[in-house]
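A short worksheet on the structure shown next.
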Amino acid sequence: MNRPVSSTTTAELLALERQYCSFGDTVHYLDPPKVFVDCEGSFLYDEQGTPYLDLQMWYSAASFGYKNRRLNEALKRQVDRLPQLACQYLHAEKVEVAARIAQHCEKVFGVKGRVHFNVGGSQAIEDSLKLVRNATGKNLMFAFMGGYHGRTLGASAITSSYRYRRRYGHFGDRAHFVFYPYCFRCLYGLERATCNLYCHQQFERLFETEYNSVWDPKAKACEFGAFYIEAVQGTGGYVIPPPDYFKRLERTCKEHNLLLVDDEIQMGFYRTGKFWAIENFEIVPDIIVFGKALTNGLNPLSGLWAREELITPELFPPGSTHSTFSANTLGTAVALETLKMLEEEDYEKLANEKGAYLLAGLKQLQSQYSGIIGDVDALGLALRLEICKSDGKTPDRELTDRIFAEGLQGNLEAGGRKYGLVLDVGGYHKNVFTLAPAFTITKDEMDLSLGLLDQLFHRCRA
């Protein structure tokens, strides 16, 4: 492990942080916050050199592992060659990344489109909202309960949690939120095998009459411009819908002239075994928003792909939306290398095989800790582990928080060595561990992770 560049100790850093840093940038999930000084592969390291196996990889941003040598070298080459360039000029990496993404979409969806860049996921969501408004003239959107699309003002308006809006006044453009098909916690108390997607039937009923407030049957016009979806909910707890749900939703949206905007910021680039998570459900979105794993977390870059008819230069001309650092040279250089790497190996097979191995291990833990682990599920290398009380259903946030904190103590044991385990908590009730391990995780590391989880449940369940 490399020693930290700073000579400031962890205790000194925490004292400075308490005095000078905003607490508003979401680092305080643990008190005191954990300080790490190094990383490599699937591991983070603290000041004492203790390895912490990371099963969330920076909210699935670092799919190729920390300190990936090939991606780091791509960044270093660009730093030495073309580290900065104003956005009114072109550079090769921007064009090549856009072309690769657009060509993939044309291949799998049969639709021509273009790619537009920005810096972060929320900013790309904002750009997609501008595209929708520009194309439809509508400023109201549908979105899912449990959905998360970011924390800028526009993105907060289509994110279901009121907590992200509460401090900032009235949101006149707040989305109309629709039940997501969260079958383990069906809001209607139904069973997946027999419900016939009742939740979608309820959405369809909004269009039965003008008095349901969204549809004018005489004009064949909807008051809403688009439906924002996550193929697999991210912050909502890696909730995976029934296989045919999105086909029905797509049909309803097309019948009522609603655009489908697919948020792939957390699930894109083979996290679920497909390049885009929505490919698992065989529908064609109008807009796809992406970010995070495109640069392995090395340099901020996000963007969107949109159908040609929504984003032609005539309809969406230069300057329609802009950021100084959009399509930045460092981010696009790493993104291009990431896309090349994704083309060189069968990541659909890799994600599905490693995901299946981990899922089998999680199911074994579920049988071992019957009741406490209420639900496990996975799509590729996006896995969920829902923590419940002994009845196997009631959410147990207290136990979830205890397991999370205990994993970061760094005193788990395996093979005569101390370890920590980095988990992330999500879900509607903050009782779900969302697992997004690196594509590079080895079988030994997967076995280690399952063993460490076993220790955590054994320690914390009482």
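No value in this document is a laboratory result; all are computed from the given coordinates. Computed from a prediction, not measured in an experiment: that's the story for all the values here. Here Cβ is always computed from backbone atoms with ideal geometry, including for glycine, and neighbour counts include all displayed protein chains.
Of note:
- For the stretch 407-413, Karplus couplings with θ = phi - 60° (6.51, -1.76, 1.60), whole Hz, Gly/Pro x: x, 8, 6, x, 10, 6, 10
- Peptides 397-404, 76-83 ordered by average Cβ neighbours within 10 Å, highest first: 397-404, 76-83
- Distance between the stretch 384-459 and the stretch 137-197 - C-alpha centres, whole angstrom: 27
- Positive end of the dipole of the chain (Cβ unit charges, origin at the Cα centre): among Met267, His200, Leu330, the Cα lying farthest that way belongs to His200.
- Each peptide among 287-293, 108-114, 230-236, 146-152 gets the average number of other Cβ atoms lying within 10 Å of its residues, and from highest to lowest they stand as 287-293, 230-236, 146-152, 108-114.
- Ranked list, fewest to most other Cβ atoms within 10 Å of each Cβ, for Trp58, Trp276: Trp58, Trp276
- Charge dipole (the chain, unit charges on Cβ, about Cα centre) - positive-most of Gly426, Leu71, His91: Gly426
- Kirkwood Rh in Å, taken over the chain so that all alpha-carbon pairs contribute: 23.2
- Computed over the chain, the per-residue total of -39500 (n - 2.57) for DSSP H runs of n ≥ 4 gives a 222 nm mean residue ellipticity of -10500 deg cm²/dmol, rounded to 500.
- Distance between the C-alpha centres of the stretch 251-323 and the stretch 25-48: 31 Å, rounded to the whole angstrom.
- Other residues whose C-beta falls under 12 angstrom from the C-beta of Arg77 contribute a net charge of -1, scoring Lys and Arg +1 and Asp and Glu -1.
- Entries in Lys34/Lys354; Lys67/Lys430; Lys363/Lys443; Lys292/Lys340 that, when Cα-Cα distance is taken, lie over 20 Å: Lys34/Lys354; Lys67/Lys430
- Less than 5 angstrom separates the built amide H of Ala414 from those of Tyr419, all sequence-distant by 5 or more or on a different chain.
- Positive-end ranking of Ile278, Asn118, Ser160 along the dipole of the stretch 73-344, with charges on Cβ about the Cα centre, is headed by Ser160.
- Under a 5 Å amide H cut-off, with hydrogens placed 1.01 Å from N, Asp375 pairs with Glu386 among residues at least 5 apart or on other chains.
- Charge dipole (Cα centre; +1 on Lys/Arg Cβ, -1 on Asp/Glu Cβ; no other charges) of the chain amounts to roughly 540 debye.
- Cα gyration tensor shape for the stretch 73-344, rounded if a/c is under 1.5, else prolate or oblate: prolate
- Amide H contacts for Gly234 (H built 1.01 Å from N in the peptide plane; partners 5 or more residues away or on another chain; cut-off under 5 Å): Tyr148.
- Taking other C-beta atoms within 10 Å as the exposure proxy, Thr324, Thr394, Thr10, Thr50 rank Thr324, Thr394, Thr10, Thr50 from fewest upward.
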